[in-house]
Structures are given as structure tokens and as C-alpha cells.
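The values are calculated or read from the model by the stated rules, or taken from the named source; none is laboratory data. The shown structure was predicted, so the numbers you read here are calculated from the model rather than taken from an experiment. Glycine also receives a Cβ, built like all others from the backbone with ideal geometry; neighbour counts cover every protein chain displayed.
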Amino acid sequence: MVTPPVPSRRQTIADDLRHLISTGYFKPGERLPSEAQLATRYRVSTPTLRSALALLQGEGLVEKIHGSGNFVRRPLRRTTYVGGAATPPVPPPQATVRTTTLQAHGDLPTLLNVPPLTPVTEVLYVTHEGKTPNTLVRIYTPQALAPADTSGPERITASRADRHPPLSEVQERLGARLPTQEESTALRISASLPVLSLTRVATDTTGRVVEAALMLLPGDRSDALFTTRLTIDDGTSTE
């Protein structure tokens, strides 16, 4: 007879907190006791307690807001990214937007087909559902092609509508990976929770890459939908 493995302390703590959340003892949006209080309650070290909380963060039950504590996550709607659009999503009014100028480095020279250190405009925005962030987007444009004003969603939309020459191709690449520490902090997710990583590269009719967009969506509540329209030949002839 095989003896079942004994649950680890972090699993036992996570199971208990999960039960308290599911039964309503801790309600959605409520702040959990401090990590020090929980460590004392379960008679474990702080690292063990944080490891247990990481399990719940990875499941989407708990979110850690740096400087504020751990909170029971409110039920979130799933986000569906629809592929094949001519341009990347424009930040909605509830997004935070930041525009900066930097030099092309890392993968940017290859994505934008420019020499390293070429001046590039970066538009970074995070969309929110209520107070919870749910999408992180970085849009890169060679500075020579960037509009003079990208201070808000309306200007970004206008600059794309006026683009000339027009776009001829938009290539999208979808993958999954773990977020960096900066990305997990921005999205308020566990660093152990995979994210959907979408890279879009837009090329105009002259063959010039005019924009590259990098999107991150939390894997616990995101889908990507790509639809291919097919022309069916029914075998009939017009002759």
C-alpha cells in the first residue's frame, strides 16, 4: 500500500486560505491580514507564508499590491484579443499612458528594421478593469515617423488614421512566457503566472516598418481569437 505524500506547510496554508476565501470568510476586495500576522497565525517563517500566498496569486485568488498588502481578487471578466485587425488596440479612457523617447536596443532594431541606437518613441499604456490592471502594451515607432503629439488615446488614433503611405502588412506572433518582475508588478500578478505575449509588426506599402507593438495579457483570464475567412469552391462553372 502506497502512503500518500504529506502536504507541505505552504500547501496546507494555501488550502486553508483558499477555503476561507471560497466560504466568504475573506470577501472579494478585502485585505488579508498582514504577512507577519499570517506567519504568526500559522506558526511559519515569513518566506514560507509568502510561498503559500504565491500559490494563491498564481491561481488568481489573491493579488499583492505593493505597499498596501494582499487582497482577495474580485472576479474578473476574461479578455479576448481579436487578431487580424489593421492596427493595435488603442488605449481606452481608463488606461494610463506614458510616452518616452529612447534608443533602439535589444530586439527593437530587428523588429523595427533600424540600426541599433536609432531614436524611437515608446508609448506605454496599461488598461484597467475597475482598479485592476489587465493589459500591458508597448508601442514603438521610429522617431522620424512618430506623430508630434502622442499624449493621449485620441492623438494615437488620429495619427494612425492619417498614416501615409498606408499599411500593407501586419504580422502577429503569439507566445507564452513568465513575466519579468517589472511586468508582474505593473499587472499585479504573480511572477509565476504565465502571460500571453503578442508581438505585432506593421509594415507600409514601401516595405518600411512603421510600428511594433508588444502586448502582455495575464494567462489566467485571457484568450486570443484569430479567424480565417475561407472561399469555398462548390465546383460550379459559369461557362
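Only residues that are surrounded by 15 or more Cβ atoms within 10 Å (Cβ to Cβ) and of a type in the set (Ser, Thr, Tyr) were counted across the range 179-231, and they come to 7.
How about the range 182-197: which of its residues are in a helix (DSSP H, G or I) and of a type outside the set (Gly, Ala, Ser)? Residues satisfying the conditions are Glu182, Glu183, Thr185, Leu187.
Pairing residues of the range 168-179 that are closer than 30 Å to Gly207 by Cβ with residues that are at pLDDT below 95 and not in a strand (DSSP E or B), at Cβ distances under 6 Å and at least 6 apart in sequence or on separate chains, gives Ser168/Thr205; Glu172/Gly83.
The numbered conditions (1) in a loop (DSSP other than H, G, I, E, B); (2) of a type outside the set (D, E, K, R); (3) at pLDDT below 80 are all true for Thr157 except (1). Per this entry, Ala146 is not counted among residues that are at pLDDT 85 or above, surrounded by 19 or more Cβ atoms within 10 Å (Cβ to Cβ) and over 14 Å from the mean Cα position of the chain (by Cα).
Residue count for the range 61-86 under the criterion of being surrounded by 13 or more Cβ atoms within 10 Å (Cβ to Cβ) and either in contact with a helix residue (DSSP H, G or I) (Cβ under 7 Å, 6 or more places away or on another chain) or of a type in the set (D, E, K, R) (or both): the result is 8.
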